[in-house]
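Working notes, structure below.
The values are calculated or read from the model by the stated rules, or taken from the named source; none is laboratory data. Bear in mind the structure is a predicted one, so any value in this text is a computation, not a measurement. FYI the Cβ positions are ideal-geometry reconstructions off the backbone, even for glycines, and counts take in every protein chain you see.
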Amino acid sequence: MQNQDSVYSQIGDLTEETLQKLEKSGLRMTVQRRHIIDILTKSQCSSPKELWYEARQYVPDLGIATVYRLINRLEQIGVLAKNRNLGINRVQPKLGVISNAQGQVVRPRMPLQLTELVRLGLISCGVIGNNNKIELSLVGENINVVIRS
């Protein structure tokens, strides 16, 4: 059940900050919703319906509407992004256009990925070492950085 290759597990761990955002958005954290979030982070489910089937093992009276409402709220606060009917994927920030003060597009000599650009910046500031890896995730308007050894 804890397959790390699951589409849902790609969202990573939901932080306490995310749970607080859910509550601030008007969503009460019920036992049902906590089970759904736990399954989202650890399961092989690839669609809301599969998530509902799995969650019903723990919460037999769970309605599918509860699953969809929670997924919609997680999308609204930027934790999840629905990719049509193919399941749920982590919201991955990507590097957009680089421009100078005059608005002209600056083209780097080699292709840049946002993750590598941030990693190099953290290295140059002395926050991490050359051997550290990082993962980026977008939560609302914030880009979260997880440092890996």
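Structure notes:
- Just one of the listed residues (L80, L86) is touching a helix residue (DSSP H, G or I) at 6+ places or on another chain (Cβ under 6 Å), within 30 Å of R33 (Cβ to Cβ) and at pLDDT below 85, and it is L80.
- Comparison of Q102, Q92 shows that the only residue that is part of a loop (DSSP other than H, G, I, E, B), at pLDDT below 85 and not aromatic (F, W, Y) is Q92.
- The numbered conditions (1) at pLDDT 80 or above; (2) under 29 Å from L22 (Cα atoms) are all true for C125 except (2).
- Listed conditions (1) in the same structural domain as N144 (by TED's automatic domain parsing); (2) at pLDDT below 85 are all met by L40, apart from (1).
- The set of residues from the range 29-45 being out of contact with any Asp or Glu (no Cβ under 7 Å at 6 or more places or on another chain) and polar (S, T, N, Q) comprises T30, Q32, Q44.
- Note on the range 23-73: residues that are in a loop (DSSP other than H, G, I, E, B) and either touching a strand residue (DSSP E or B) at 6+ places or on another chain (Cβ under 6 Å) or without any contact (Cβ under 8 Å) to a residue 12 or more places away in the chain (or both) total 9.
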